């Protein structure tokens, strides 16, 4: 009887799946002949939808014999509907090429397929907004503000969700999966210099606010951003720019394989950029920057893609530094002047990046990435003038040489249980930073060392493993659960101590769970709840000498949000968010001191809206509020210095068939406390920018204007205690770097 029952069960199972067919295929970019990832594919009339994978592949299983209408849609591409005839026990294969078309918000639906991985807002913005310079790269993230306070050669200061992120302390930045943040950096923890990215080579931007992705580890507390560079060129090009303040730029890229490469689904190109500017400061900046990028992308087997990239970057500059308000009031210097004209720096970075993506016969995805960076940094600054040294001044040198290498790997598989679909991902990440001669010294005229404050070698290792489960409970309800474990081992060799006492080590681990829910009522409405634990590592030079210190202070956050299309041409994404930090901890690289404090809390509202006014005109609007407070201080003295409390950005974008395009944008940040009791205030500002382009088949003419209405504004501000030469006592007040005045540039591009 037992054997008979088994035979009957097998027979029933065979009958249930007998005579079923399938549909599979690959989606290509019509212009480049490269596979398209993330295309939404629907079977009309059925609750079946998938996304194309990294190789452009898709598949529908267990289909009864019948004709099916298959819909293909992707932002910025012309939607297609094809009919596929499914036969018993056969697979119907489709090869689809999708061509470009202007963005239509009416065609965008709120995704129920893999909602945890889709970024509607960033996809829209990268399609509609022209990127004119390196700073615009980060501004693609709604609510993210940046400030430059070293004339263009230094990494920008970043603000997001009630955080003064310094240069990257609590935001994880990557380019093609390769880390940008430099841990235990000579200037500050998480220092992120994105200037090695050529703006014209950016294909897309993925981001998420909060610490809700198991794949994202160290520094992803306020959020993370991953910039993706182009895998292929549509055309070779040469672009020339010239503008005010002796500003010149030349950038170009050459397709190396041409049509023969496209026929083989392969691409290779070289791109390069050179910039020069004296900028708008009274003290000429003499800024120089050189970038070069080489990239290959293609199949090394039918189911494996290889992407290889090599890039190098070098920059050198002078800068005017920060100016105290009283220096302007007394006439010591002008608004665009300088107190110490000998500030400046030089930096370089060379990167190697290899990425392999393989799809197994059972549709599992295996990813492997190896990366290496050689990085050098040297900068001279003076923030306090003559406070510490009344004779020589307070100029400092910050310097390091770094080798960074690592690996990212993951395995992803799909399975079903009844009507429930599971996407399971396991990953491992390894990163090691070896720095030599990490230095902080007091200097004079950049050449004389008057007092060495810090000098040492750093060895910092981070090993992370994670598991992520995406559960499609139904066509409307999706759950994402993740768990991440990170191990850190820090070693510091202090070269200012005697050799027998100069080496220290410390290790720590942290476990970070994530849990996220998405409910899609219909193609116009989705609710989501994101929760997660994150962390940022503290500087090795601090945690090794102070072994009792919390090496990996955690944060806990949540977002309750909605994605809503009230009508066809309006898309809204809004959320209430909350972040709790167990410790605010800052290593002030400029002074070589530690500033630990207690717990903190931040909460606020984010609102993003995208509206298509007409066939050619689009509007975007982002509004962000935050209430950041220290929890262990008395009321009135518990403000978090420089943390933004209200920001808004927005504008209009125009794209016409006759070749004209452009954008008019604004950004506003409100007044915010510059110190703990709000007795010193960092003034807000409103600035407008304009971009106009005229594009024909073989050339483009562009006009870019920053600060269209010539507003006088302070781009970065600090409450700093300083002493000017001749002053008896030091004074604490706002020190600032002026923002750009009206700044126009013309560009001309030739495609070939």
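The values are calculated or read from the model by the stated rules, or taken from the named source; none is laboratory data. The model shown is predicted, which means the values in this text are computed figures rather than measured ones. Cβ coordinates were reconstructed from backbone atoms using ideal geometry, including for glycine residues, and neighbour counts include every protein chain displayed.
If a residue must be in a strand (DSSP E or B) and farther than 25 Å from residue 672 by Cβ, how many such residues does the range 705-726 contain?
2
Tell me which of these residue 143 doesn't satisfy, since it passes every other one: (1) outside any helix (DSSP H, G or I); (2) modelled with pLDDT of 80 or more; (3) within 25 Å of residue 53 (Cα to Cα).
(3)
So residue 550 fits all but one of (1) farther than 30 Å from residue 105 by Cβ; (2) free of Cβ contacts under 8 Å to residues at least 40 places away in the same chain; (3) exposed (fewer than 15 other Cβ atoms within 10 Å of the Cβ); what number is the exception?
(3)
What's the total number of residues in the range 267-297 that are buried (at least 20 other Cβ atoms within 10 Å of the Cβ), over 29 Å from residue 714 (Cα atoms) and more than 23 Å from the chain's Cα centre (by Cα)?
Counting residues in the range 267-297 that are buried (at least 20 other Cβ atoms within 10 Å of the Cβ), over 29 Å from residue 714 (Cα atoms) and more than 23 Å from the chain's Cα centre (by Cα) gives 2.
Given 130, 111, 115, which one is at pLDDT below 80, in a loop (DSSP other than H, G, I, E, B) and under 18 Å from residue 522 (Cα atoms)? Explain how you work it out, then say what you get.
Numbers: 130 fails: under 18 Å from residue 522 (Cα atoms); 115 fails: at pLDDT below 80.
Of the residues listed, the single one that is at pLDDT below 80, in a loop (DSSP other than H, G, I, E, B) and under 18 Å from residue 522 (Cα atoms) is 111.
Determine which single condition residue 312 fails, assuming it passes every other condition in (1) closer than 29 Å to residue 57 by Cβ; (2) within 24 Å of the chain's Cα centre (by Cα).
Just one mismatch for residue 312, condition (1).
Inside the range 503-537, can you point out the residues that are at pLDDT 90 or above and either part of a loop (DSSP other than H, G, I, E, B) or outside the structural domain of residue 469 (by TED's automatic domain parsing) (or both)?
Once the filter is applied, which keeps residues that are at pLDDT 90 or above and either part of a loop (DSSP other than H, G, I, E, B) or outside the structural domain of residue 469 (by TED's automatic domain parsing) (or both), the range 503-537 yields 524, 536, 537.
Select, from 402, 446, the only residue that is part of a loop (DSSP other than H, G, I, E, B) and either assigned by TED's automatic domain parsing to the domain that holds residue 480 or within 30 Å of residue 46 (Cα to Cα) (or both).
None of the other options fit; the residue is 446.
Can you pull out every residue in the range 158-181 that is more than 14 Å from the chain's Cα centre (by Cα) and either crowded, with 24+ Cβ neighbours inside 10 Å or within 23 Å of residue 345 (Cα to Cα) (or both)?
161, 162, 163, 166
Residue check: is residue 621 within 27 Å of the chain's Cα centre (by Cα) and either at pLDDT 95 or above or closer than 20 Å to residue 126 by Cα (or both)? Step through it out loud before you land on a result.
On the way: within 27 Å of the chain's Cα centre (by Cα): yes; either at pLDDT 95 or above or closer than 20 Å to residue 126 by Cα (or both): yes.
So residue 621 passes the test.
Of all the strands (runs of 3 or more DSSP E) wholly in the range 158-266, which have at least 3 residues that are touching a residue at least 40 places away in the same chain (Cβ under 8 Å) and more than 26 Å from residue 642 (Cα to Cα)?
202-209, 223-229, 237-243, 247-255
Being buried (at least 17 other Cβ atoms within 10 Å of the Cβ), within 14 Å of residue 385 (Cα to Cα) and modelled with pLDDT of 90 or more narrows it down to one of 747, 722, so name that one.
722 is the lone residue from the list that is buried (at least 17 other Cβ atoms within 10 Å of the Cβ), within 14 Å of residue 385 (Cα to Cα) and modelled with pLDDT of 90 or more.
Give just the number: which of (1) touching a strand residue (DSSP E or B) at 6+ places or on another chain (Cβ under 6 Å); (2) more than 28 Å from residue 237 (Cβ to Cβ); (3) in a loop (DSSP other than H, G, I, E, B) does residue 729 not satisfy?
(1)
Is there any pair linking a residue in the range 99-117 that is surrounded by 17 or more Cβ atoms within 10 Å (Cβ to Cβ) to one that is modelled with pLDDT under 80 and not in a loop (DSSP other than H, G, I, E, B), with Cβ under 8 Å and at least six apart or on different chains, and which?
That search, which allows pairs on different chains as well, returns 103/124; 103/127; 103/128; 105/124; 108/120; 108/124; 110/120; 111/120.
Within the range 689-704, how many residues are touching a strand residue (DSSP E or B) at 6+ places or on another chain (Cβ under 8 Å) and either assigned to a loop (DSSP other than H, G, I, E, B) or surrounded by fewer than 20 Cβ atoms within 10 Å (Cβ to Cβ) (or both)?
So the answer is 10.
Criterion first (at pLDDT 95 or above, under 30 Å from residue 414 (Cβ atoms) and either crowded, with 16+ Cβ neighbours inside 10 Å or not assigned by TED's automatic domain parsing to the domain that holds residue 562 (or both)) does residue 458 satisfy it?
Here the answer is no, as residue 458 does not meet what is asked.
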